[in-house]
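**Q** The structure follows.
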Ligand code: T5A
């Protein structure tokens with residue numbers, strides 16, 4: 001049994017959390033998960049996220065997103081904290097579940113570091129690639145769904161929820177650079193990274209994702 005890692009990426013408020021929950025429900029309710037399990041293709045289906053997919057990661061997430069002072073987190077500190085969260089997440093959660101044949105829906109992974117710390121903060125790409133390699137021991141996603149929405153729309157959606165975290169409060173130019181990062185990553189890795197128009201309503205986005213997932217699952221498991 002070979003596990004698969006499916007990652008959801010995008011700018012703030014693009015709808016990842018909403019769509020991960022909907023994909024999870026759809027895989028269960030449609031009978032697809034049961035069918036994959038009966039055929040011995042998949043063991044468990046799980047949802048996880050970065051930062052904060054582990055107990056250690058939850059403490060790191062608090063430091064990163066809700067620090068006691070806005071001044072405390074330097075760019076390289078931020079990069080290292082995301083890498084530390086990922087190293088823990090890969091060893092404690094991702095690798096064991098994949099080894100058991102699990103299907104994983106993960107909210108953000110290595111592309112977020114390239115987009116946010118690389119394009120957004122302007123940190124060196126070679127350094128980021130090296131840290132991603134160290135943190136993941138080479139574990140890549142099997143499929144990354146890039147939920148593409150205008151930065152302004154995403155931020156407005158995120159704002160509606162109330163409290164804004166440290167990164168959501170960064171300048172609009174920062175978020176535009178992050179968006180450019182995802183755009184370039186999708187062009188560089190067209191097989192692994194698939195763009196989804198996330199400006200549509202929730203149901204339409206969910207249907208687009210289901211179509212992509214159906215195709216990939218068929219490729220992987222037949
Ligand atoms: N980060 C992360 C880095 O800088 N480097 C890294 O390496 C990593 C891993 C994570 C932060 O850390 C940064 C990126 C982030 O800034 P987070 O809380 O996980 O912080 O923040 P986000 O990942 O941005 O998650 P959000 O919860 O802010 O956004 P989502 O999950 O994309 O959006 P969601 O589903 O919560 O939806 C937001 C709102 O929009 C509505 C929802 O109902 C909700 O109210 N909505 C829609 N409205 C209209 N149309 C649709 N299609 C909608 N879909 C959802």
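Each reported figure results from applying straightforward, stated rules to the coordinates on display, with no laboratory input. No experiment lies behind these values; they were computed from the predicted model shown. With ideal geometry, Cβ positions are generated from the backbone for all residues, glycine too; neighbour counts draw on all protein chains shown.
**Q** Using only the alpha-carbon atoms, how far is helix 16-29 inclined from the longest principal axis of the chain? Give it as 0 to 90 degrees, nearest 10.
**A** Once rounded, the angle reads 10 degrees.
**Q** Arranged by the count of other C-beta atoms within 10 angstrom, fewest first, what order do 194, 11 take?
**A** Going from least to most buried by this count: 194, 11.
**Q** Related question: Say each of residue 47 and residue 161 gets a label point 7 Å from the Cα, pointing the same way as Cα to Cβ; how far apart are those two points in nm?
**A** So the two model labels end up 1.2 nm from each other.
**Q** Still on this structure, please answer the following. Pulled fully out, how much extra length does the chain show between residue 150 and residue 172, if you take 0.36 nm times their separation in residues and subtract their Cα-Cα distance?
**A** Roughly 6.8 nm would be gained on extension.
**Q** Which order do 8, 174 fall in if you start with the one that has the fewest other Cβ atoms within 10 Å?
**A** In increasing order of surrounding Cβ atoms, one gets 174, 8.
**Q** If the convex hull of the alpha-carbon atoms of the range 4-221 is projected onto planes in all directions, what is the mean projected area in square nanometres?
**A** Over all viewing directions, the range 4-221 projects a mean Cα-hull area of 11.4 nm².
**Q** Here's another thing I want to ask about it. Using only the alpha carbon atoms of the range 69-120, find the Kirkwood hydrodynamic radius as the inverse mean reciprocal pair distance, in angstroms to one decimal.
**A** 12.5
**Q** What whole number of Å gives the distance from the Cα centroid of the range 52-102 to the Cα centroid of the range 200-222?
**A** 28
**Q** Taking neighbour Cβ counts within 10 Å as the exposure measure, how do 177, 86, 108 sort from fewest upward?
**A** Fewest-to-most Cβ neighbours within 10 Å comes out as 177, 108, 86.
**Q** On C-alpha positions alone, give me the angle between the axis of helix 55-65 and the longest principal axis of the chain, in degrees, nearest 10.
**A** It is inclined by approximately 40 degrees.
**Q** What angle do you read, to the nearest 10 degrees and between 0 and 90, between the alpha-carbon axis of helix 202-221 and the longest principal axis of the chain?
**A** 60
**Q** Oh, and also: How high is the relative contact order of the range 4-221, given as a whole-number percent (alpha carbon pairs under 8 Å, six or more residues apart)?
**A** 33 percent.
**Q** Further question: Two decimals, Cα atoms only, Kirkwood Rh: what is Rg/Rh over the range 1-94?
**A** Ratio value, two decimals: 1.07.
**Q** May I ask you to derive the FRET efficiency for residue 34 and residue 56 from their Cβ-Cβ distance with R0 = 41 Å, giving the value to the nearest 0.05?
**A** 0.80
**Q** What are the radius of gyration and Dmax of the range 172-222, computed over its Cα atoms and given in Å?
**A** 13.6, 45
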